[in-house]
Structures are given as C-alpha cells and as structure tokens.
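Participant: Structure below; questions to follow.
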Amino acid sequence: MSDKEINEKSNRGGYREGAGRPPGAKNKVNKATIQTVIDKLYDRTGQCYEDLLLEDFLQARVENSALAHKYHSLLANKLMPDLNAVELTDSEDTITAKQRAFAEAIAQIAGLKAPN
C-alpha cells in the first residue's frame with residue numbers, strides 16, 4: 001500500500017467530528033409517547049390497538065391484499081416468539097420415573113446396584 005493510499009480519507013466509516021447523537025439527547029419516541037398514542041387511538045375508536053391490528057389483518061386477508069403479507073411478517077416477527085413459549089409440567093409419577101432412571105444410569109456408570 002502506498003503512502004498516498006494510507007493518507008487519503010475514506011468517505012465511509014470511521015470517526016466524524018460532530019457526527020452522531022449529541023450527549024444527553026432524549027429518545028424521540030419513548031414508552032410514555034407510545035402509550036399516549038395507544039390511549040388516544042382507544043379514545044377515538046373504542047378498541048384496543050391489538051384488536052384493531054387483528055381486524056385490519058383479517059380485512060386484508062379477505063381482500064387478498066398485498067398488505068396481508070406485511071401483517072403476516074409483523075405477527076410472525078413480533079408475536080410468534082411469545083406464542084411459541086412452552087411450559088412443561090411433570091406429574092409426580094413422571095418425576096419419580098425420571099429420578100429412578102437417573103439413579104439407575106448413575107449406578108450403571110459406577111458399577112453399583114441401582115436402588116429400588
């Protein structure tokens with residue numbers, strides 16, 4: 001690489017004097033602002049945001065609108081991770097069976113007789 005290539009400033013990336021958010025700048029949209037918009041929407045329509053979103057989504061599907069695809073993306077990206085959470089609960093019998101299987105496996109590894 002020549003000295004000329006090293007000394008030339010790139011137009012991309014790197015430090016720029018005065019660039020970026022100024023120190024102490026407030027978020028343009030915060031939770032309070034979002035809640036205010038949602039509250040005003042409810043005051044005007046009498047419906048919560050989620051109900052309006054689902055209503056619009058169903059209408060877009062009925063009309064075979066390209067907008068339906070955008071609703072699918074929104075729902076898949078934002079809501080599905082929450083919906084996919086699975087809670088597992090075990091009965092007492094299942095817990096006992098798992099404990100017994102674990103004890104037998106440990107006993108087999110250690111060369112001991114498993115407890116009954």
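Participant: Pop the C-beta distance of L54 and I95 into the FRET formula with R0 = 35 Å and round what comes out to the nearest 0.05. Write down the numbers at each step before the final one.
Facilitator: Working: r = 39 Å, r/R0 = 1.13.
After rounding, the FRET efficiency stands at 0.35.
Participant: For the pair K40/A76, report the inter-label distance in nm, with labels modelled 7 Å from Cα in the Cβ direction.
Facilitator: Label-label distance for K40 and A76, simple model: 3.3 nm.
Participant: In 10 Å bins starting at zero, report the fraction of Cα pairs in the range 29-82 per bin as a rounded %.
Facilitator: 23, 39, 36, 3
Participant: From the phi angles alone, apply the Karplus equation (6.51, -1.76, 1.60; θ = phi - 60°) to the range 60-65 and give each ³J(HN,Hα) in whole Hz, x where the residue is Gly or Pro.
Facilitator: Listing the rounded values in order: 5, 5, 4, 7, 6, 6 Hz.
Participant: For a quick check: with amide H placed at 1.01 Å from N, whose amide H comes under 5 Å from Q47's, ignoring anything fewer than 5 positions away on the same chain?
Facilitator: Residues meeting the amide H criterion: none.
Rule-based calculations on the coordinates, nothing more; no lab input. These numbers come from a predicted model, not from an experiment. Neighbour counts run over all protein chains shown; Cβ positions are idealised from the backbone, glycine included.
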